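Structure first, commentary second.
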Amino acid sequence: MIIDDLKEQLKTIEPDLKTIQTFWENSSNERDFERLSTLSKQEDFWKNPEQATISQQLQKIKLLRDLYGEIFATQKELNDLLTLFKDDPETLESLKTDIFQHCKGVKKFKIMLLLNKEDDDSNCFLSINAGAGGTESQDWSEMLLRMYVRFCERERLSCSVLDYQVGEGAGIKSGTLYIKGKNAYGLLKNEQGIHRLVRISPFDANKRRHTSFAGVFVTPETTQATIVINPQNLRIDTFRAGGAGGQHVNKTESAIRITHIPTGIVVQCQNERSQAQNKETAMKMLMAKLVQKEKDEAHAKLQSIERKKIEWGSQIRSYVLHPYKMVKDHRTDFESPQPELVLDGDLMDFIEAELIRSQTT
């Protein structure tokens with residue numbers, strides 16, 4: 001029946017509404033609105049040297065505040081209308097468009113709230129490095145690479161493998177993805193950190209439990225050359241690509257590794273057919289990393305995640321497959337008892353929980 005379909009549509013956005021409500025209640029938006037409103041109502045406000053800035057901030061928060069109130073009022077109104085006209089098919093039919101637009105607006109507003117930082121709408125580079133532990137950690141790194149590829153497929157983000165260093169026994173030593181699409185960096189930026197896996201090792205003949213670590217690093221793509229790179233500060237090496245890619249990739253030295261000598265930053269690319277294309281992509285990666293490094297230093301980040309050892313005590317998330325099944329994010333305490341789904345790319349609940357925590361603390 002049409003009434004059931006319409007009720008189900010409104011029900012599907014209830015988790016989004018809960019996310020919006022939690023974010024809003026934990027944010028300073030209401031306090032900021034009251035403070036700025038009070039300032040703007042002062043008799044001598046026109047003399048305030050920060051009048052323009054205050055007015056702009058107030059207008060921005062007022063817009064968010066009005067939208068926040070509107071979506072919850074609309075949700076209640078539409079539910080009331082469905083109840084009132086449950087036996088009136090003609091009126092219910094006319095509500096279809098309103099409900100569709102409301103659901104679309106709720107999801108758009110949620111993204112507006114959660115992803116409002118600089119670079120959130122940028123494309124990004126996501127790199128994975130295996131920790132100590134040889135085959136175990138290398139296999140874990142490949143599992144993580146697949147997890148992020150599957151996440152991109154779920155969220156309709158374009159994902160391509162730029163670098164893929166095959167492990168000695170299994171898995172990968174390292175890998176880099178280039179991810180394009182709306183809010184790619186904003187969605188994935190908080191995945192940066194150490195990821196820990198606990199499982200019965202498929203490589204241990206005695207079936208013992210092993211713990212493996214891998215580091216994930218995420219950098220936004222820069223849209224313009226904001227840093228001048230001196231060619232004399234670069235060491236450029238070529239080598240034959242490994243892994244999948246066909247005969248051409250494996251038989252020519254088309255892969256590129258660039259080392260920025262002053263900072264020690266190393267980037268490499270092997271997925272393109274020509275050396276020139278790989279060099280161009282590697283330079284984009286280097287520029288992104290240099291810009292990010294500059295931002296980190298400007299914000300007085302004394303120790304970046306890339307300097308942390310990939311080991312105990314520094315992980316942001318644990319994936320336990322034995323003796324019980326649980327994925328836990330140690331920053332938010334958000335948990336999922338279904339690691340199979342998480343490793344298949346079902347990450348949005350973890351991502352939203354950390355976006356709320358990181359922007360409201």
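The values are calculated or read from the model by the stated rules, or taken from the named source; none is laboratory data. Fair warning: this is a prediction, and the values are worked out from it, not measured in the lab. As a convention, Cβ positions derive from the backbone with ideal geometry for all residues, glycine included, and neighbour counts pool all protein chains shown.
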Q) D16 passes all but one of (1) at pLDDT below 90; (2) within 21 Å of Q359 (Cβ to Cβ); which number fails? A) (1)
Q | Odd one out for G134 among (1) under 14 Å from the mean Cα position of the chain (by Cα); (2) at positive phi | A | (1)
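Name the single residue that is farthest from R156 (Cα to Cα) among those in the range 313-358 being of a type in the set (A, V, I, L, M, F, W, C) and surrounded by fewer than 15 Cβ atoms within 10 Å (Cβ to Cβ). Spell out the reasoning first.
Start the filter on the range 313-358 by keeping residues that are of a type in the set (A, V, I, L, M, F, W, C), which leaves 316, 320-321, 326-327, 334, 341-343, 347-348, 350-351, 353, 355-356.
From what is left, the residues that are surrounded by fewer than 15 Cβ atoms within 10 Å (Cβ to Cβ) are 341, 348.
Details: L341: 17, M348: 13 Å.
Among them, the one singled out is L341.
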Q | Only one of V161, V216, V198 that is under 23 Å from D296 (Cα atoms), part of a strand (DSSP E or B) and in contact (Cβ under 8 Å) with a residue 24 or more places away in the chain | A | V216
(Q) I'd like to know if the range 73-82 contains one or more residues that are modelled with pLDDT of 90 or more, part of a loop (DSSP other than H, G, I, E, B) and surrounded by 13 or more Cβ atoms within 10 Å (Cβ to Cβ). (A) no
**Q.** Residues that are of a type in the set (G, A, S) and closer than 13 Å to M147 by Cβ, drawn from the range 337-361
**A.** G345
Q: Residue by residue through the range 173-220, note down the ones that are more than 27 Å from S122 (Cα to Cα) and crowded, with 22+ Cβ neighbours inside 10 Å.
A: R196, L197, S212, F213
Q) Somewhere in the range 137-146, is a residue touching a Lys or Arg at 6+ places or on another chain (Cβ under 6 Å), touching a residue at least 60 places away in the same chain (Cβ under 8 Å) and not assigned by TED's automatic domain parsing to the domain that holds K60? A) no
Q: Just give me the residues in the range 1-32 being over 26 Å from K104 (Cβ atoms) and either in contact with a helix residue (DSSP H, G or I) (Cβ under 7 Å, 6 or more places away or on another chain) or outside any helix (DSSP H, G or I) (or both), in sequence order.
A: S28, D32
Q.
Condition first: modelled with pLDDT under 70, within 21 Å of the chain's Cα centre (by Cα), hydrophobic (A, V, I, L, M, F, W, C) and not in a helix (DSSP H, G or I). Now tell me which residues in the range 271-320 satisfy that.
A. I310
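For residues that are outside any strand (DSSP E or B) and closer than 12 Å to R196 by Cα, tally how many sit in the range 321-344. Can you show your working first?
Residues of the range 321-344 that are outside any strand (DSSP E or B), as a first pass: 321-325, 330-334, 337-344.
Imposing the further condition that a residue be closer than 12 Å to R196 by Cα reduces the set to 321, 330.
Of the residues in the range 321-344, 2 are outside any strand (DSSP E or B) and closer than 12 Å to R196 by Cα.
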Q | Filtered residue count, the range 63-113, keeping only those that are among the hydroxyl-bearing types (S, T, Y) and out of contact with any helix residue (DSSP H, G or I) (no Cβ under 7 Å at 6 or more places or on another chain) | A | 4
